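Below: the structure, in structure tokens.
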Amino acid sequence: MKGDRIRALVTAVALAAAVFHLYAAGISPFTALVQRPVHWALMAVLAYLGVGVRRRRTFDGLSTAISTLFIAAALVAACYIVIEHGELVRRSGASTPLDLLMGTLAVVVTLDLARRTAGWGLLSVALLAICYAFAGPYLPGLLAHRGYGARRLIEHLYLSTEGIWGVPLGVSADFVYLFVLFGAVLDAAGGGKLLIGLSAKIAGSSAGGPAKTASVASALMGSLSGSAVANVVTTGTITIPVMKRTGFKPHFAAAIEAAASTGGQLMPPVMGAGAFILATWTNIPYARVALAAAIPALLYYVALFMAIHLRARKMNVAVAPTEATATLSRLHLLLPLAVIVLFLGLGRSPMRAAFWGVISAAAMTLVAKSTRLDWSKTRAAVVTAASGTVQVAAACAAAGIVVGVASLTGIGLRMSQVIVTLSGGHLPVALLLTAMGSVLLGMGLPTTAAYVVLAALGAPALTQLGVPLLAAHLFIFYFGALSNVTPPVALAAYAAAGIADAPPIKTAVAAVALAAGGFAVPFAFVYGPPLLLNGSFLQVLGAAATAALGVTALAAGTIGYGRRTLMLWERLALLAVGVTLMLPGMLSNVAAGAVGSIIIVRKS
């Protein structure tokens, strides 16, 4: 009986969240200090009811009591700022004891949500930021600052839009929930099966067909989900068993799915929450961000596709089509994707595009009997949307604490000085340091949280060294996403390993090898602006073509196969050729292409 009551309560809150966000997006928007706290409170209630958390709830007496207290704290703290936000603005800087109490509750709930949804990694980063705010006078050199007491810190984090209610949570409240709801509605109607079916028709009958199907499906699923782990569990349950039956070893089948699903976060038009934050943070229209990210995303999948193809040839994997999935009866579900692309292309806000995407998706489900949503599917869609957004909202709120401390103490500028100093002002070294920092910070953190923290701390250093704003932020975003397959904490690889019953670390290592081209792509677009569509048509076409050859050479060198098994020196030479082809320079590209061609066409 208790389980039924919890289920009914989850459904009610999830429906309330859907109604609230659709109303705000399509009928009457709210101010930031209303929209964001209400969004945060709804997601907090769902989290404490067991939705979107890392561990399954037991709902025993003590656990229920603790969750009830946290739900009450979240609701009280959110309601207080929603009701009093006008008065709070008028007496800014003169907080009352009640203000500070509500702020303390909000910070404690935010930290606990981070622990429950993202684990100890994000919680540790947020706690470290809070400690840094207090310890400023006792720190050496560039890390030192005047120090701030609890009163000033709470005011900054709770009573303004610089902390918990900052840009990261704003993106979750304004855009992310609606896009996740859009994906959940389409998936409940069979959209996921449609994409997998289309992928099978595109690539299923070639060498390593099921593995290529996983790549194409995960790229397409990037339009529905910005989470690598969500992509793994959505497509991997279908593609991994088929890959194993075709002849791929379990760890390699899992690695293919992990690498493919990680790329889904980089694939326009949606690209996950991080891309919306990137657009908001840099004040660059989201359509411009998505267009600029298109060629790098395609390069990532060219590299992965070629690595799969060469591995299949090397292993002599039989050509075998994947299991057929009905597509004709669901083709109308592609229209909502076109609606979103159209609205973004017309310069409409992502919120409005997502709103009409959800409305058109709901309408398209009614077209055919096979896609209509009954009550159980509707409930599943809104709960799935809530589950996906809980993790993002919790990560964004916790990341807001880090960003708030960074803005309060000025650590962002000082960290940029550290990077510039350590690199000696040399851009290649600064890029390597930033890439390593992005991967290390991204390990175990949601891509969104990793991007937000690095955008505040690392991006200014790159722009200071002359990297264009969009390229600098996309560079950080890419490496934060790639941390999903980077050992020792590779969440997407571990999820895929669980499905394949394979060793997690072995899976992660194989996934890194498959995604090797992806690690080179960010360096390529920093040094080659045409890859981000900065240049003439011929410049863009030439840069894309040579970069595609480059990632192909990298795949051949990594896998160790061309038309035959390659010797060690040939593999090393192809890796050098690949790097050279991805960098600008006509003479160097021609020379590298010639060397690569000789190696590939040699028969012995």
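Miscellaneous remarks
- Over 24 Å [Cα-Cα, region 452-597], rounded percent: 43
- Remark on region 334-393: hydrodynamic radius 12.7 angstrom, per the Kirkwood mean of 1/r across alpha carbon pairs.
- Spatial separation of Cα centroids for region 241-258 and region 110-150, in angstrom: 41
- Residue-wise HN-Hα coupling along region 329-336, computed from phi with Karplus coefficients 6.51, -1.76, 1.60 (Hz; x: Gly, Pro): 6, 10, 4, 5, 6, 6, 4, x
- Cβ-Cβ FRET estimate between L440 and S407, R0 fixed at 22 Å, reported to 0.05: 0.45
- Nonpolar atom fraction for region 280-435, defined as the carbon and sulfur part of the 1.4 Å probe accessible area, stands at 68 percent.
- Area of M315 that stays accessible when all protein chains are in place (1.4 Å probe, Å², to 10): 60
- Fraction of alpha-carbon pairs over 15 Å apart in region 501-540 - percent: 57
- Net length available on complete extension from I27 to S329 is 105.5 nm, with 0.36 nm assigned per residue and the Cα-Cα distance removed.
- Where Rh is the Kirkwood radius over Cα pairs, Rg/Rh for region 376-477: 1.12
- Per residue, region 63-113 exposes an accessible area of 47 Å² to a 1.4 Å probe, with every protein chain left in place.
- Along its first, second and third principal axes, ordered by size, region 514-604 spans 41, 25, 16 Å in Cα coordinates.
- Relative contact order (%) - criterion: Cα under 8 Å, at least six apart; region: the chain: 18
- Cβ-defined net charge surrounding H251, 14 Å radius [Lys, Arg +1; Asp, Glu -1]: +2
- Stretchable slack from V108 to V19, in nm (0.36 nm times residue separation minus alpha-carbon distance): 29.3 nm
- Value of D in µm² per second that Stokes-Einstein yields for region 1-158, Kirkwood Rh from Cα pairs, at 25 °C (0.890 mPa s): 140
- Region 1-57 - accessible surface per residue (Å², probe 1.4 Å): 48
- Value of D in µm² per second that Stokes-Einstein yields for the chain, Kirkwood Rh from Cα pairs, at 4 °C (1.567 mPa s): 52
- Cross-link table K212/K369; K212/K249; K193/K314; K244/K377; K212/K377; K193/K249, entries beyond 21 Å C-alpha to C-alpha: K212/K369; K193/K314; K244/K377; K212/K377; K193/K249
- The Kirkwood radius of region 76-158, taken over pairs of alpha-carbon atoms, gives through the Stokes-Einstein law at 37 °C and 0.692 mPa s a diffusion coefficient of 232 µm² s⁻¹.
- Accessible surface of region 446-604 [probe 1.4 Å, protein heavy atoms]: carbon and sulfur percent: 75
- Region 466-489 and region 490-552 have their alpha-carbon centroids 11 Å apart.
- Solvent-accessible area of T64 with every protein chain in place, 1.4 Å probe, in Å² to the nearest 10: 50
- On a per residue basis, region 386-496 carries 27 Å² of accessible surface, using protein heavy atoms and a 1.4 Å probe.
- Share of pairwise Cα separations in region 522-567, more than 11 Å, in percent: 67
- In a fully extended conformation the segment linking L127 and L346 would gain 74.6 nm over its present Cα-Cα distance, using 0.36 nm per residue.
- Length-normalised contact order for region 389-503 - Cα pairs under 8 Å, 6+ apart - percent: 29
- The chain: calculated mean residue ellipticity at 222 nm from DSSP helix runs of at least 4, using -39500 (n - 2.57): -24500 deg cm²/dmol
- The relative contact order of region 381-453, computed from alpha carbon pairs under 8 Å that lie at least 6 residues apart in sequence, is 40 percent.
- Computed on protein heavy atoms with a 1.4 Å probe, the accessible areas place R372, R311 in the order R372, R311, largest first.
- Amide hydrogen neighbours beyond the local backbone of Y561, cut-off 5 Å, H modeled: L566
The values are calculated or read from the model by the stated rules, or taken from the named source; none is laboratory data. The structure presented is a predicted model; accordingly, all values stated were derived computationally and were not measured. Note that we place each Cβ from the backbone using ideal geometry, even for glycine, and neighbour counts take in every protein chain shown. We work out accessible area using only protein heavy atoms, side chains counted, and drop any ligands, DNA or RNA first. Shrake-Rupley method; radii C 1.70, N 1.55, O 1.52, S 1.80 Å.
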